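This report concerns only the one structure given below.
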Amino acid sequence: MVKEDIYKSIKDMSEHIRKALRLTENFKVEGKFNHIFICGMGGSAIVGDLLQSYLDINIPVTVNRRYTLSKTLTRDSLVFFISYSGNTEETIAAFKVAIRIGCRIVAITSGGILKDLALRSKVPVVRIPLDVQPRAALGYLFFAVLNILRNSRLIPNPREEIYSTINAVSNQRIEEKAERFAEKLKDKIPIIYSSDRLKGVALRWKEQFNENAKIHAFCNIFPEIDHNEIEGYENLNGDYHVIMINDQDDYFRIKKRMELTKQIILKKGVGVTELDLTGRSFLARMMVAIVMGDYASYHLAKLIDTDPNSVTLIENLKKKLGGVM
C-alpha cells in the first residue's frame, strides 16, 4: 500500500481517531492490573507519554523504550506493545521477555514480526491500517489504547472528551497558526518548553522537527529548567528560538516561573513564541498542540526546502544494523 504524505496525514488526524475507535469498538481486556506499561519507540512511545499526562488513575503508567523490561513488571501488569511497522527491534525483544513473564499483553501494529509473534503466542492484536508514515500514526495508536482502557473499565469514560477532540483537531486555524510558528523558526534551533504535564507534547514537537524538518531541536520541562538549563542563556552557542507551551490549568507557580523565565530569555536576545492552550477538554487541548507541532514541522520543512516524508538517515542506520529495528 502506498503511504499518504505527511501533510495529508496531519489533516486526517480526526479520521484516524474515528478509525481507531471503530477498530477497538469491542476490544477489551479482563482482569485487575497493578501497572500499565506502554512499550515502543519514537511515535509509538509518545502514546505512553501522552497517557501519563492525560490519565488521572490509581494505576501507574510506565513508558518502556528499551530492549528489556522493568523489574517492576509482573504477571499482574497490562502491557501494550506498540510498533506501527511491527518490525521495531527494541519492541520485539521486550515482547519476548513479556511472554516469558506471563503478563497480560496487547499488541498494536499494522503487521510485521510483532503481529506474527503475537498471533503465534495467542496475544490479542489490534491491526492498524498500513497507510501512513509511522510518526503520522499517533491518532490511530493513542486512541486505540485509550479506547481499550475505556472498554476494559480501567479509566473513566472519556467519550465526551474524545468527540470534543475530533472536532478540535479539525479547526483550520491550527494550521494557520502553525505556519506562523514555522516562519519564526526558519534558520533557528527550536527549544520547546512546557510544564511536566505536557512533557509528551513538548517531546512530540522536538521529534517532529527532527524527522520532518531534519533539524536539531530540544525540549525540557518546568520547573526543572529553572534549576539548570536557564544558566545556558549566559553563553549562547547557537541561534535559538524558544517555544513555550502554556496550558490554562498549569499550576500557578509554574505559570509564574514560565513568565519570569520568558523575560530572562528575551533579555538575552533569544526570541520566544508562546502557545496558549485553552478550552474545556484537556485531551482536546493536548491533541490540538500535537497537531499544531506536526503542521509547524511540516511547513518549516517546506520553508527550508526539505522533504518532510523521507527519513534517509534512519533507514540507512537500519540497514547497517541488519535485520529489524
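Along the axis of the charge dipole computed for the chain (Cβ charges of +1 for Lys and Arg, -1 for Asp and Glu, origin at the Cα centre), the listed residues 74, 311, 240 are led at the positive end by 74. Rounded to the nearest 20 debye, the dipole magnitude of region 52-93 is 140 debye, with +1 charges on Lys and Arg beta carbons, -1 on Asp and Glu beta carbons, and the Cα centre as origin.
Over region 1-147, what number does the Rg to Rh ratio reach, with both radii from the alpha-carbon atoms and Rh per Kirkwood? Please report the intermediate quantities before stating the final value.
Values: Rg = 14.3 Å, Rh = 15.2 Å.
Dividing the radius of gyration by the Kirkwood radius yields 0.94.
Tilt of helix 13-23 relative to the longest C-alpha principal axis of the chain, in degrees (0 to 90, nearest 10)? Rounded to the nearest ten degrees, it is 20. Backbone geometry of region 280-292 corresponds, through the Karplus equation with coefficients 6.51, -1.76 and 1.60 at θ = phi - 60°, to 3J(HN,Hα) couplings of 5, 9, 5, 4, 5, 4, 4, 6, 4, 4, 4, 4, 5 Hz, x marking Gly and Pro.
Please give every one of the aspartates and glutamates within straight-line cross-link reach of residue 19, meaning a C-alpha to C-alpha distance under 13 Å, and leave out same-chain neighbours fewer than 8 residues apart. Filter leaves 131. Cross-link reach is defined here as a Cα-Cα straight distance under 18 Å, omitting same-chain residues fewer than 8 places apart; for residue 262 the aspartates and glutamates meeting it are 196, 224, 226, 229, 231, 234, 239, 247, 250, 274, 276. Return the single residue from 90, 231, 207 with maximal mean-square fluctuation; model: Gaussian network over the chain, springs between Cα atoms under 10 Å. Checking each option, the largest mean-square fluctuation is seen for 231. In the chain, Cα pairs under 8 Å separated by at least six residues give a relative contact order of 20 percent. Helix-only mean residue ellipticity at 222 nm, the chain, DSSP H runs n ≥ 4 weighted -39,500 (n - 2.57), per residue, nearest 500. What is it? That calculation yields -14000 deg cm²/dmol at 222 nm.
Determine the alpha carbon to alpha carbon distance for each of 184/214; 11/206; 8/302; 8/319; 32/122 and list only those over 23 Å.
Values: 184/214 16 Å; 11/206 20 Å; 8/302 14 Å; 8/319 28 Å; 32/122 20 Å.
Pairs exceeding 23 Å: 8/319.
Distance between the C-alpha centres of region 2-67 and region 179-255: 23 Å, rounded to the whole angstrom. How far is helix 199-212 tilted off the main Cα axis of the chain, in degrees rounded to 10, range 0 to 90? Approximately 80 degrees, to the nearest 10.
Sequence-distant contacts, meaning Cα pairs under 8 Å at least 6 residues apart, place the relative contact order of region 64-207 at 16 percent.
Could you tell me the ratio Rg/Rh of the chain? Both radii from Cα atoms, Rh via Kirkwood.
Using only Cα positions, Rg/Rh for the chain is 0.96.
Here the dipole of the chain is about 1080 debye; that uses its Cα centre as origin and unit charges on the Cβ of Lys and Arg (positive) and Asp and Glu (negative).
Do you know the relative contact order of region 171-303, to the nearest whole percent, from alpha carbon pairs under 8 angstrom that are 6+ apart? Provide the component values of the computation, followed by the final result.
Numbers: 189 pairs, mean separation 50.3, N = 133.
Worked out over region 171-303, it gives 38 percent.
Quick note: the coordinates plus some simple rules give every number you see, no bench work behind them. Small disclaimer: the values here were computed from a predicted structure and weren't measured. Don't worry about glycine lacking a Cβ; one is built from the backbone with ideal geometry, like all the others, and counts go over all protein chains shown.
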